[in-house]
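Contents: one structure, followed by commentary.
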């Protein structure tokens with residue numbers, strides 16, 4: 001067996017072994033729907049779930065945005081992994097040996113680079129954690145955590161650490177320059193202007209930040225003295241994107257799934273404090289305002305988010321900014337207004353988990369919260385109402401569901417004493433959100449003529465019939481450019497291996513051709529062998545007749561030309577050939 005075939009077999013083995021429903025189900029709430037599993041698409045905003053997973057055909061497809069593929073393409077897109085990383089992660093999960101020859105030299109180099117980043121971040125996390133747990137140097141950090149009522153089991157569960165008040169602790173621990181260069185790329189060390197490195201984190205309690213695959217990718221740190229900044233996060237790196245990552249989501253994912261509710265807090269210590277009090281369905285953004293990507297990630301775990309922001313002015317402004325995000329992503333959300341003197345940490349320590357739970361259960365709906373805050377800010381004078389209408393615009397524009405938009409406008413207009421029509425006239429209908437570079441939904445349906453579509457649908461599902469279809473003349477029938485792309489992919493696969501599967505075809509395609517096949521794998525019913533064979537013979541017979549008719553037409557044209565040129569011998573020869581075809585076409 002060649003190295004190429006061995007690599008392809010390993011990739012196929014991983015795809016065949018991986019449970020696509022389980023893998024996607026970690027990120028999307030799926031429910032059985034006939035032969036498929038259905039859920040809300042993690043790649044675009046939608047109110048009615050149109051994302052389907054087919055376990056038998058090991059594929060997924062969204063009928064809303066057209067995204068589709070197999071388990072590897074899902075891992076790559078959702079977790080933002082490279083192909084080698086996705087392959088390695090699935091191989092690890094399902095204990096499949098992954099030979100080096102499975103990847104190209106470029107892919108191996110790319111994988112080694114990211115593995116080095118993961119390794120140095122994991123080593124740093126272990127060093128910092130061990131220092132916190134064992135070193136006399138970390139005694140101030142342990143006293144600080146004890147003062148804030150953080151027990152040992154929470155320290156262990158979140159792998160909290162301590163960065164000593166030294167400029168070169170981690171730099172020395174990592175040893176050679178190669179490791180330090182990797183640590184610099186991982187955001188752990190900072191390069192000096194005159195050469196060398198110094199530690200980014202010093203004299204801080206550290207919170208490792210984990211990816212959704214359970215690997216440490218960054219850190220957040222709280223200073224232990226009066227230095228600045230009080231809180232410091234890792235910079236963005238090839239592993240860490242703060243606009244997509246939520247602290248605590250990895251550790252708390254099961255609790256969030258179980259309750260179908262996620263409490264969103266602003267700080268790492270808020271989350272740790274709630275966990276210490278038995279409230280573990282919590283996540284927190286990392287030194288940045290909440291983003292649409294954060295909210296979209298939550299949709300796979302929760303049906304509702306509760307914004308538990310500080311009761312000060314900054315916390316209220318953060319809550320106001322978050323409202324359009326939840327409306328546009330169509331994730332239900334409510335908001336808890338803590339007393340002005342409290343944050344979640346101080347509130348739960350003073351009132352206990354029961355007090356916080358009671359407050360959460362009385363959380364305001366988005367509409368009530370927004371309107372109350374705007375009235376308090378601007379009042380209900382004529383001028384105040386005008387300002388309220390103006391500030392409601394980004395919130396109304398974020399609502400993509402027409403009915404929900406109408407309900408919100410009706411609610412606000414009633415409170416303001418204006419008609420719904422008057423208020424609607426102040427707003428332009430919002431455009432439907434569309435991811436950058438994504439074609440509109442209608443473009444995901446290939447504009448193939450019906451006959452070409454039917455033939456390609458059958459071959460995509462049952463590529464084993466390709467040789468018979470080729471002999472019957474399918475190459476002359478498929479003329480549309482995108483149809484040709486699918487047929488050429490089938491040709492290439494068939495030339496390279498004896499057996500071709502629909503999943504291999506899906507992997508070989510991109511763009512709208514891939515969407516065509518992924519949709520087909522989800523929606524096409526499974527046929528019995530008898531039905532499949534009967535349909536195949538019908539299509540082969542049609543192709544053969546079509547080829548004969550095409551040849552018949554060609555001969556007729558040639559006969560006319562021969563007659564016009566008075567070439568009697570050629571004319572007689574062509575007529576004999578045409579007569580033979582006429583007989584074959586006679587019922």
Would you confirm whether or not the stretch 171-180 contains a residue that is surrounded by 20 or more Cβ atoms within 10 Å (Cβ to Cβ) and either at pLDDT 95 or above or under 30 Å from residue 28 (Cα atoms) (or both)?
no
Going through (1) assigned to a loop (DSSP other than H, G, I, E, B); (2) more than 30 Å from the chain's Cα centre (by Cα) one by one, residue 372 fails only at (1)
Does residue 536 satisfy the criteria of being out of contact with any strand residue (DSSP E or B) (no Cβ under 8 Å at 6 or more places or on another chain) and within 17 Å of residue 472 (Cβ to Cβ)?
yes
State yes or no: is residue 489 outside the structural domain of residue 71 (by TED's automatic domain parsing), without any contact (Cβ under 8 Å) to a residue 60 or more places away in the chain, in contact with a helix residue (DSSP H, G or I) (Cβ under 6 Å, 6 or more places away or on another chain) and in a helix (DSSP H, G or I)?
yes
Of the candidates 543, 548, 506, the one satisfying the condition of being assigned by TED's automatic domain parsing to the domain that holds residue 478 and crowded, with 16+ Cβ neighbours inside 10 Å is 506
Looking at the stretch 94-105 only, could you name the residues that are touching a helix residue (DSSP H, G or I) at 6+ places or on another chain (Cβ under 8 Å) and surrounded by fewer than 20 Cβ atoms within 10 Å (Cβ to Cβ)?
94, 96, 97, 98, 99, 100, 101
Select from the stretch 190-199 the residues that are more than 20 Å from residue 135 (Cα to Cα) and touching a strand residue (DSSP E or B) at 6+ places or on another chain (Cβ under 7 Å) and list them in ascending order.
190, 191, 192, 197, 198
Only one of 290, 298, 206, 271 is within 25 Å of residue 118 (Cβ to Cβ), within 20 Å of the chain's Cα centre (by Cα) and buried (at least 21 other Cβ atoms within 10 Å of the Cβ). Can you tell me which?
298
Please identify the pairs in which a residue from the stretch 402-416 that is within 14 Å of residue 330 (Cα to Cα) and assigned by TED's automatic domain parsing to the domain that holds residue 366 has its Cβ atom under 7 Å from the Cβ atom of a residue that is at pLDDT 80 or above and exposed (fewer than 14 other Cβ atoms within 10 Å of the Cβ), counting only partners at least 6 apart or on another chain.
none
Within the stretch 139-155, residues in a helix (DSSP H, G or I) and in contact with a helix residue (DSSP H, G or I) (Cβ under 8 Å, 6 or more places away or on another chain) come out as 141, 142, 145, 154, 155
Assess whether residue 319 counts as being part of a helix (DSSP H, G or I), surrounded by 23 or more Cβ atoms within 10 Å (Cβ to Cβ) and in contact with a strand residue (DSSP E or B) (Cβ under 6 Å, 6 or more places away or on another chain).
yes
Helices (runs of 4 or more DSSP H) contained in the stretch 231-310 and holding at least 3 residues assigned by TED's automatic domain parsing to the domain that holds residue 361, under 23 Å from residue 30 (Cα atoms) and touching a residue at least 40 places away in the same chain (Cβ under 8 Å)
249-259, 292-298
So, in the stretch 119-153, exactly how many residues are surrounded by 20 or more Cβ atoms within 10 Å (Cβ to Cβ) and out of contact with any strand residue (DSSP E or B) (no Cβ under 6 Å at 6 or more places or on another chain)?
4
All but one of (1) at positive phi; (2) touching a residue at least 40 places away in the same chain (Cβ under 8 Å) hold for residue 145, so report the exception by its number.
(1)
Return yes or no: is residue 325 under 20 Å from residue 370 (Cβ atoms), touching a helix residue (DSSP H, G or I) at 6+ places or on another chain (Cβ under 6 Å) and in a loop (DSSP other than H, G, I, E, B)?
no
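The values are calculated or read from the model by the stated rules, or taken from the named source; none is laboratory data. This is a predicted model, so every value here is computed, not measured. Here Cβ is always computed from backbone atoms with ideal geometry, including for glycine, and neighbour counts include all displayed protein chains.
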